[in-house]
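Structure first, then comments.
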There are 2 protein chains.
Amino acid sequence: MAITTWQEKAQKARNLRDASLSKVDPPLGPLPDPLPLSSQGLPKLLLTPREYELTQNYDAIALLKMLREKTLTSEELTRAFLRRAALAQAAVNCVTELMWNEAIERAKYLDSCPEPVGPLHGLPISVKEHHGMTGKTNHASYVAWIGEDSGLNPLNDSLYNAGCVYYVRTTGPQTLMHLECNNNIYGRTVNPWNRNLTCGGSSGGEGALVGMRGSVWYLQGLGGDIGGSVRAPASNCGVYGFKPTAKRIPLKGMKAAMAGKDSVLATFGPLTVSRDTIHLFMKTLLDEEPWRLDPSLTVKPWTPEKITTPLKIAIEWSDGVVKPHPPVIRAMQEVAAACKAAGMEVVDWEPLDHAKAWDIVSGLYFPDGGEAALAPIIESGEPILPLTKFITEEQPNVKKRDMHQYWGLCVERDGYREAYARHWSKTAETGKEVDVIICPTTPGAAPLHETARYWPYTSQWNLLDYPTVVFPVTFVDQEKDLKDESYVPTNEQDKYNHELYSPEAYAGAPVSLSVVGRRYMDEKVMAALEAIEHAMGRE
Amino acid sequence: MAITTWQEKAQKARNLRDASLSKVDPPLGPLPDPLPLSSQGLPKLLLTPREYELTQNYDAIALLKMLREKTLTSEELTRAFLRRAALAQAAVNCVTELMWNEAIERAKYLDSCPEPVGPLHGLPISVKEHHGMTGKTNHASYVAWIGEDSGLNPLNDSLYNAGCVYYVRTTGPQTLMHLECNNNIYGRTVNPWNRNLTCGGSSGGEGALVGMRGSVWYLQGLGGDIGGSVRAPASNCGVYGFKPTAKRIPLKGMKAAMAGKDSVLATFGPLTVSRDTIHLFMKTLLDEEPWRLDPSLTVKPWTPEKITTPLKIAIEWSDGVVKPHPPVIRAMQEVAAACKAAGMEVVDWEPLDHAKAWDIVSGLYFPDGGEAALAPIIESGEPILPLTKFITEEQPNVKKRDMHQYWGLCVERDGYREAYARHWSKTAETGKEVDVIICPTTPGAAPLHETARYWPYTSQWNLLDYPTVVFPVTFVDQEKDLKDESYVPTNEQDKYNHELYSPEAYAGAPVSLSVVGRRYMDEKVMAALEAIEHAMGRE
């Protein structure tokens, strides 16, 4: 019997991907060589004008209207997104499988229906590989798992029942626990705005694809967002991303090395090109009453709110450990000024021991010291990547715990959560309670490859399970965002982050911020974002 | 330095109790010797007519009305309940501390307020010792912990802020994981209807006290209901008991050997003398928005429902493992007949592998094989009681697990929960979906001492986290509830339970049933109980 090496196994997965891409019809024309720093100009160059229009100018809401009114067929739209996704793959390496035949067949079927089958009738949707898909394999970026079957996935099923067309599956990083997107199967996915930067992770393929407008809405896959996996890619790629409170939408279906661990909860969440598409995603899912199938979910329909009195907003200028880069600070200044001008109250947010929060949450990510997450790597013999080592081996509080030590850490977690709740409630002592926090999504714009080594700006809100929405604000500006050469870092992590920055290195990168609300205030966070964007002069 | 034996330490706790009871003024007259089988006739014998009237004839709602209208002072009411609690102690041994001076002082203060301080203004409330109380010690029935301080308790604080008077603390069993009430500090608490039977546990002192009407409403303490700790005592003592979905009301404050374990969640819940008092309890607590202090809670106010179309009720005649005793079957027959006569649809409930559910939930109770629960016992040297051995050592699936085995069990749990959700949803295939299940609370009426060795009728709904309310139906009837001598048990547990029964042994015992709804359907379960009791000709 021939022994299969990990390299041979990985080649099989790439062959499957390449075979799926070979079906693109007509094939893409030749790409520029070398590829440009930013991939944003490529679609206009390589797609037909009609394909470009359909994939560039509309969000999911607008497309669904056209589909409903039959001014557009699902087949035409799906073919356009299939070709744009193929182009995204050529440009930034974000695809694990293009579903050419299946997607077109599904689209044709939907076009043949006399009535829409549901609220997503005819809309092409991308899904992270890690999330699994009925009838397809699911390796979650582990070489060892290549060829394994996908499990059941109620979230996929809900969206399918609502009429969507699945057309592409996308990449994730090794262990799914990087804020970047690199693995030994497909290599590195890069940022569509600047290929020297990361698209983020774990939903890196999705981030890059939506950032390339190869998808109007893509789903964050396995592991969901447990440390920033929706938000970092959304932020890095300049799109919207929403991490709801855990247990509002089903998580089942993703392939997990640590299934059953429930001390910090992951959640799925959408990455989209518009704010309204987030509402559509949440409403579509919750209208199906997923709690009837997944009894771990909270029973609460999606009930959009409107802000009727001026918001009180707190700005988290820094988490007290690592100072954000100049473009992030400028983004906060601009948004704060717009909110003030619109009559909102704007105050400073006092972070409450975020360093401790990282100790707790990193410990809870790997209560077995990382054994389960590393086991499939060891099994296949694929190399352990540096960012895998970083998160499983180099964090002081990641260690193998016995049951009682583990419970002790859960008690610490609960104490911290309660302290943070009191901290937030205390803001009411000087007038109105803070409605939402505006904060950096990450300590800078999209990081250079292999440098996304500071999670706490995102993981903070996983530990607390606070709903958070990411929205694009601006781009790195070579003139406005100069490096503060006089700044003296206050600790090693701060120094590392400070030294990474120069406006040149981050050229063209989107800059995003997060809006954070108290636990279960998902609809309020979305309403606050609307008010904030109105204040910014947006729709 | 003198070494304190466990016996000396236990004596200290009893001395504290006895000193607190010595303040009763005027002292109780002499009790009958020997004490009668049922304690129900004692209050009339030993209390003044006014005390008897106040403590016997009204529920919390009626008393609060009188307090609000100032036709009754809190001091008079509190003195009456204090004396009745002292009597309950003499009769059934349910008190760990009578708060004579503090309660009267608090009552006087409330009487002096020009306006009610809150919805519970002036109402005396009892609390399980295990639950802790600010400024008091808290041993949770472990000798080792005698003299330790209570922690913070937001639930207590909420009720206090709502105007209640705390006046008595009550007993629980060793480890709090018995469905009886016996420990090495105070000995055994017995059933107020028949002293040969258990009052149940873990909230045994509370059950006995409310069953003696020494309290109109008492709170289930530590551990809350994780296996039947509210429901077994309520059922055994003939009062109402409600186990809400976990995370609707705060649990913090109880003293726990296994704090931080969150694989099966406990919840507090009220034991009361009327159905409406449960609503009052839930509304009072949730009106305080406890999720602002305890961010682990679900954000949902108490929103009572009304049943407007006839219910579809499923009767669980047996769990498929242990056949309930004749009085329980008769109770179900009577309630089913009343519901049918009232126009409801009544069908049979098909239990879905409840034996497996017990394997899972018992394993999750003690993923460390019981080490943490036994540690304080070993520390003090107090004897391990037989029912402690039963639950920690004699259950096949209670074992010490490593982290990965533990996560594996959590995956089994989630799979079982999902299967049960599908099972319930499937009832809609033949018409309307089942609204609620009516089932035995326990496999018989209050068990003889040391025989409460079958948990699954209650623990089933902890594993599934389904809200459940216990209501009294009837009493064991010497003529109607004959033993079925022809019955051939189907397994060892069934045989054990069958052999326990004779109508004589259970003379005078209340018989109760449970109404169970799907997860988060707390308000619906309460509305269904109202409809069911109306069908039974009750108010």
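The values are calculated or read from the model by the stated rules, or taken from the named source; none is laboratory data. Not measured: the values here are computed from a predicted model. For neighbour counting, all protein chains shown are included, and Cβ atoms are generated from backbone atoms with ideal geometry for every residue, glycine included. The accessibility values were calculated without ligands, DNA or RNA, using every heavy atom of the protein model including side chains. Shrake-Rupley method; radii C 1.70, N 1.55, O 1.52, S 1.80 Å.
Restricting attention to segment B:495-539, the residues that are open to solvent by less than 60 Å² (accessible area, probe 1.4 Å) and more than 14 Å from every other protein chain (Cβ to nearest Cβ) add up to 27.
With the condition kept exactly as written, say whether any residue in segment B:350-362 is open to solvent by less than 10 Å² (accessible area, probe 1.4 Å), farther than 30 Å from B:K9 by Cβ and within 13 Å of chain A (Cβ to nearest Cβ). The answer is yes, given that some residue of segment B:350-362 is open to solvent by less than 10 Å² (accessible area, probe 1.4 Å), farther than 30 Å from B:K9 by Cβ and within 13 Å of chain A (Cβ to nearest Cβ).
Do you know which of the residues in segment A:292-305 that are more than 7 Å from chain B (Cβ to nearest Cβ) and open to solvent by less than 30 Å² (accessible area, probe 1.4 Å) is nearest to B:G517 (Cα to Cα)? Step by step, filter segment A:292-305, then rank; the result is A:L297.
Scanning segment A:162-180 for residues that are under 20 Å from A:K12 (Cα atoms) and either hydroxyl-bearing (S, T, Y) or touching a residue at least 60 places away in the same chain (Cβ under 8 Å) (or both) yields A:V168, A:R169, A:T170, A:T171, A:P173, A:Q174, A:T175.
Those residues that are more than 10 Å from chain A (Cβ to nearest Cβ) and outside any helix (DSSP H, G or I), I need them from segment B:395-436; list them, please. Within segment B:395-436, B:Q395, B:P396, B:N397, B:V398, B:K399, B:G431, B:K432, B:V434, B:D435, B:V436 qualify.
Applying the selection to segment B:230-279, what residues are over 21 Å from B:N153 (Cβ atoms), surrounded by fewer than 24 Cβ atoms within 10 Å (Cβ to Cβ) and of a type in the set (A, V, I, L, M)? Matches in segment B:230-279: B:V264, B:V273. Annotation note: Cβ proximity below 6 Å between a residue of segment B:466-479 that is under 16 Å from B:T272 (Cα atoms) and a residue that is open to solvent by less than 30 Å² (accessible area, probe 1.4 Å) and in a loop (DSSP other than H, G, I, E, B) (sequence gap 6+ or interchain) occurs for B:V470/B:T441; B:P472/B:G238.
Residues checked against (1) under 30 Å from B:E479 (Cβ atoms); (2) in the same structural domain as B:C164 (by TED's automatic domain parsing); (3) assigned to a loop (DSSP other than H, G, I, E, B):
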position	(1), (2), (3)
B:L285	no, yes, no
B:L297	no, no, yes
B:T303	no, no, yes
B:W317	yes, no, yes
B:R330	yes, no, no
B:E350	no, no, yes
B:A357	no, no, no
B:S362	no, no, no
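Here the helices (runs of 4 or more DSSP H) wholly within segment A:13-80 that include at least 3 residues being open to solvent by 60 Å² or more (accessible area, probe 1.4 Å) are A:60-68. With respect to (1) in a loop (DSSP other than H, G, I, E, B); (2) farther than 20 Å from B:A162 by Cβ; (3) open to solvent by less than 70 Å² (accessible area, probe 1.4 Å), the lone exception for B:T309 is condition (3). Total residues in segment A:428-439 satisfying the condition of being at negative phi and open to solvent by 30 Å² or more (accessible area, probe 1.4 Å): the figure is 5. Scanning segment B:96-106 for residues that are out of contact with any strand residue (DSSP E or B) (no Cβ under 6 Å at 6 or more places or on another chain) and open to solvent by less than 30 Å² (accessible area, probe 1.4 Å) returns B:W100, B:I104. For segment A:144-157, state whether one or more residues are touching a helix residue (DSSP H, G or I) at 6+ places or on another chain (Cβ under 6 Å) and crowded, with 24+ Cβ neighbours inside 10 Å. Taking every residue of segment A:144-157 in turn, none turns out to be touching a helix residue (DSSP H, G or I) at 6+ places or on another chain (Cβ under 6 Å) and crowded, with 24+ Cβ neighbours inside 10 Å. A:L286 satisfies every condition listed in (1) more than 14 Å from every other protein chain (Cβ to nearest Cβ); (2) buried (at least 18 other Cβ atoms within 10 Å of the Cβ) except (1). On the stretch given as segment A:455-494, residues that are over 16 Å from the mean Cα position of the chain (by Cα), under 18 Å from A:T198 (Cα atoms) and either open to solvent by less than 40 Å² (accessible area, probe 1.4 Å) or among the small types (G, A, S) (or both) total 2.
Output the number of the condition that A:L120 fails; it satisfies all remaining conditions of (1) in a loop (DSSP other than H, G, I, E, B); (2) under 21 Å from A:G508 (Cβ atoms); (3) among the aliphatic types (A, V, I, L, M). If we test A:L120 against (1) in a loop (DSSP other than H, G, I, E, B); (2) under 21 Å from A:G508 (Cβ atoms); (3) among the aliphatic types (A, V, I, L, M), just (2) comes out false. The criterion of being open to solvent by 10 Å² or more (accessible area, probe 1.4 Å), out of contact with any Leu (no Cβ under 8 Å at 6 or more places or on another chain) and under 20 Å from B:S512 (Cβ atoms) does not hold for B:K389.
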